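For reference, the structure is listed below as C-alpha cells.
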Amino acid sequence: MIEETQDQDIVYSLATSPSFARDGLCFAACRSGLIRSEDGGISWRSAYDALDLDAPLATTAVAVSPNYDSDQSVFAGVPGGILRSVNGGQSWLFAVLPSPPPIISTLVTSPDFSKDGTLLAGTVEDGIYCSVDRGNSWSAWNFGLLDLSVLSMDISPDFANDETVFVGTESGIFCSTNGGRAWREVGFPTEFAPVLSLVLSPGYAHDGILWAGTESFGPFCSDDRGQTWRRLGEDSVTGPVNAIVLSPQSPAKLHVLVMLSRTLLVSRDGGRSWSNWNDDLAIEQAMTCIAAPQGLDSDAPLLIGLDEGGVRRI
C-alpha cells in the first residue's frame, strides 16, 4: 500500500515516535512548516497550530525524544533557532541561536536523553550547537571542527558510556569522543566528500561499524570506528546517497538500505551485493529523506520525504 500527503513544500527531515508501532506518530519538517501524523503517515496536519503564524515557518530539521512516551518532547530547527515542545506540539518554546541566524541541517538526541538532556544541532555554515538542558539553551561546540558545513550527523547508541558523535561535512568526517566538546578528523578519504549521510551500527559499541553516503561516489563503510574505509557498490550504487538505513541484524547479516535521488537499493549481505528495494516501486519525484520506524522487514512501512512536496508511505 502506498499513501501520500496532500501537497506540501520540500520535506527536509522525518522523525518518528519510538513507539511508532503503537501510536503511529511521525513528524515531517517542510519548507512550509512542521506537519504531524498520528496514523503512521497516512494523513497529516500542521504541528504549528498553537503558534498562530501569519506566514509559513520553514523547518529544516526535526527530532523526537527517545523517551517521547513520558516526556512528549519534540525539537524543530527553524530560521535562527530551535523550537521545543514538551507536550507533543500543543505549545512551543523558542531557543534563539547566535546571530547571524544559522540554518539547521540536522538534529540528534542522546539515547540517554532522559538522564543527560543532551541534543546536538548541525548547521549549514556554523558547525555544531549543543544543549545539555533539554533544548533550553545552546552553545557552539566547534573546537577542532575544521569544516563548519555540517551535512549529516549520528550519535553512538552507547553515548552514555562512549560519548561518541560523528558528523559528515563538505570535506570529510569528524568525530568527538567527549560528547561534542572537541572534534578530530577521521581517516575518511577526503577526495570522496561531501558526506551527505552518516549512520552508526545499532551494535556500534561492539562492532565499531559506521556507514557514510557520499554525493558522487556511493556508500562507504568502516568497521574500525572510522579509521579506515572501504567503498561499496561501485558498479551498482550511483548518484548521491541521501540517506542510509541499517537494520538491527548482526554485522554478518547486516541489511543496508540506501536512498538515492529516485531509487531505493538494499543489500542483505553487508554491502557486497545490491538490488532494488521493490521492483514495482516508481518514484517520480526526487527523494530527500527516509524513516524506517519498524526496521527493514518486507512488511514494515517506509516513510519517504519528497523534493516537490509530500511524504510517501510505502
What percent do you get for the relative contact order of the range 261-306 when only Cα pairs under 8 Å and 6+ apart count? 31
R0 = 45 Å: FRET efficiency of Asp269 with Glu191, Cβ-based, nearest 0.05? 0.95
If unit charges are put on Cβ atoms (+1 for Lys and Arg, -1 for Asp and Glu) and the dipole of the range 23-85 is taken about its Cα centre, the option from Ala61, Leu83, Phe27 lying farthest towards the positive end turns out to be Ala61
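Residue separation times 0.36 nm, minus the C-alpha to C-alpha distance between Arg45 and Asn67: what's the value?
Taking 0.36 nm per residue and subtracting the Cα distance, the gain is 5.6 nm.
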Rounded to two decimals, what is the ratio between the C-alpha radius of gyration of the chain and 2.2 N^0.38 Å? 0.92
Give me the percent of accessible area attributable to carbon and sulfur for the chain, probe 1.4 angstrom. 46
Paired Rg and Dmax values of the range 112-203, which use every Cα atom, in angstrom: 12.5, 39
Among Ile209, Val241, Leu264, pick out the residue whose Cα is farthest towards the positive end of the charge dipole of the range 199-314, where Lys and Arg carry +1 and Asp and Glu carry -1 on C-beta, about the Cα centre. Ile209
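Can you give the helix-only mean residue ellipticity at 222 nm for the chain, where every DSSP H stretch with n ≥ 4 adds -39500 (n - 2.57) and the sum goes over all residues, rounded to the nearest 500 deg cm²/dmol?
Here the helix-only value at 222 nm equals -1000 deg cm²/dmol.
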So, relative contact order of the range 26-68 in percent, Cα under 8 Å, 6 or more apart, is 42
Expected unfolding gain across Asp297-Phe143 under the 0.36 nm per residue rule, minus the alpha-carbon gap, is 51.4 nm
Please compute the volume of the convex hull spanned by the alpha-carbon atoms of the range 146-278 and report it per residue in Å³. 91
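Solvent-accessible area per residue for the chain at a 1.4 Å probe radius, Å²?
Numbers: 13230 Å² over 314 residues.
Each residue of the chain exposes 42 Å² on average to a 1.4 Å probe.
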With +1 assigned to the C-beta of every Lys and Arg and -1 to the C-beta of every Asp and Glu, and no other charges, what is the dipole magnitude of the chain about the Cα centre in debye, to the nearest 20? 400
Ordering of 272-278, 236-242 by packing [mean C-beta count within 10 Å, highest first]: 236-242, 272-278
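The values are calculated or read from the model by the stated rules, or taken from the named source; none is laboratory data. Since the structure is predicted, the reported quantities are computational estimates derived from the model, not experimental observations. Cβ sites come from the backbone with ideal geometry, for glycine too, and all protein chains shown count toward neighbours. Side chains are part of the model used for accessible areas, which takes the heavy atoms of the whole protein and leaves out ligands, DNA and RNA. Shrake-Rupley method; radii C 1.70, N 1.55, O 1.52, S 1.80 Å.
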